[in-house]
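The values are calculated or read from the model by the stated rules, or taken from the named source; none is laboratory data. Predicted model, so just to flag it, every value in this text is computed and none were measured. Positions of Cβ are backbone-derived with ideal geometry, glycine not excepted, and every protein chain shown enters the neighbour counts. These area figures cover heavy atoms from the full protein model, side chains too; ligands, DNA and RNA do not enter into them. Shrake-Rupley method; radii C 1.70, N 1.55, O 1.52, S 1.80 Å.
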Amino acid sequence: MNQPVQKTATPRTNDPERTMADILAVAITEFADKGLAGARIDAIAAATRTSKRMIYYYFGSKDGLYVAVLEEAYRRMRSIESELHLADLPPEDALRRLVGFTVDYQLAHPEFIRLVMTENIHRGQYLAQSESIRALNVPAIDGLRQLYERGVAQGVFRAGIDPVDLHMSISALSVFNVANRHTFSLIFQRDLDDPRAVGARRDSIVEMVVRFVRK
């Protein structure tokens, strides 16, 4: 269900970075709730007390703003992920922390899932225009690869697993909780918002991934 766009503090025109950050914060909600076609630059401008002209000045076009929103959504997740200090933990503990974080983050940020789903509807054509999206995601794969290789070297993890495939599996399990929550809950008559159900599902996903990787 669409929610009204929340207003942010008045952006300062002499502070371009702050102004762009304010616009992106509102635009993330607008594009996540309404998709690319339904999102309105007028609504974003009104919520940030700026103008369409200023938005176009910073982002070039509606499509340009949408691409910037996708980049910002990935940047936020990867930024927090980089602070997990996985290298400081034994391999299995590090993997548990990473999987648990991914589950928690996706559940806490359904707007990220909706943006990714929207972009998949567009077959990734706008994300393909981004000059930074691959660089934003390389550290995530490198970190998982290093974690996995440490586990193999220590005899904890089995050999022969592709880190990108492992990343895909972790993402798939985490995304399903958000993307299919309403339909799954309705069909199977389960309250997936119950804290006990959330915790049990989180534990189940962590355990599935660890058992898959463990030697």
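Computed values, structure above
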{"read-out": "Selection from the stretch 167-187 of residues that are farther than 16 Å from S204 by Cα and of a type in the set (A, V, I, L, M)", "value": "M168, A179, L186, I187"}
{"read-out": "Residues of the stretch 112-158 satisfying the condition of being surrounded by 12 or more Cβ atoms within 10 Å (Cβ to Cβ) and outside any helix (DSSP H, G or I)", "value": "H122, G124, Y126, S130, S132, Q154, V156, F157, R158"}
{"read-out": "Residue that is nearest to R211 (Cα to Cα), among those in the stretch 114-165 that are of a type in the set (S, T, Y) and under 20 Å from the mean Cα position of the chain (by Cα)", "value": "T118"}
{"read-out": "The stretch 1-47, subset more than 24 Å from the chain's Cα centre (by Cα) and crowded, with 18+ Cβ neighbours inside 10 Å, residue modelled with the lowest pLDDT", "value": "P11"}
{"read-out": "From the options A27, A73, A37, residue that is of a type outside the set (D, E, K, R), within 20 Å of G124 (Cβ to Cβ) and free of Cβ contacts under 8 Å to residues at least 24 places away in the same chain", "value": "A37"}
{"read-out": "Failed item in (1) touching a Phe, Trp or Tyr at 6+ places or on another chain (Cβ under 9 Å); (2) modelled with pLDDT of 95 or more; (3) farther than 22 Å from L89 by Cβ, with F176 passing the rest", "value": "(2)"}
{"read-out": "Filter result (over 19 Å from the mean Cα position of the chain (by Cα), in a helix (DSSP H, G or I) and not small (G, A, S)) within the stretch 183-200", "value": "T183, F184, L186, I187, F188, P195, R196"}
{"read-out": "Verdict on V178 being more than 21 Å from E111 (Cβ to Cβ) and either open to solvent by less than 80 Å² (accessible area, probe 1.4 Å) or assigned to a helix (DSSP H, G or I) (or both)", "value": "no"}
{"read-out": "Selected residue (criterion: least open to solvent (accessible area, probe 1.4 Å)) from residues of the stretch 48-85 that are at negative phi, in contact with a Lys or Arg (Cβ under 9 Å, 6 or more places away or on another chain) and modelled with pLDDT under 95", "value": "T48"}
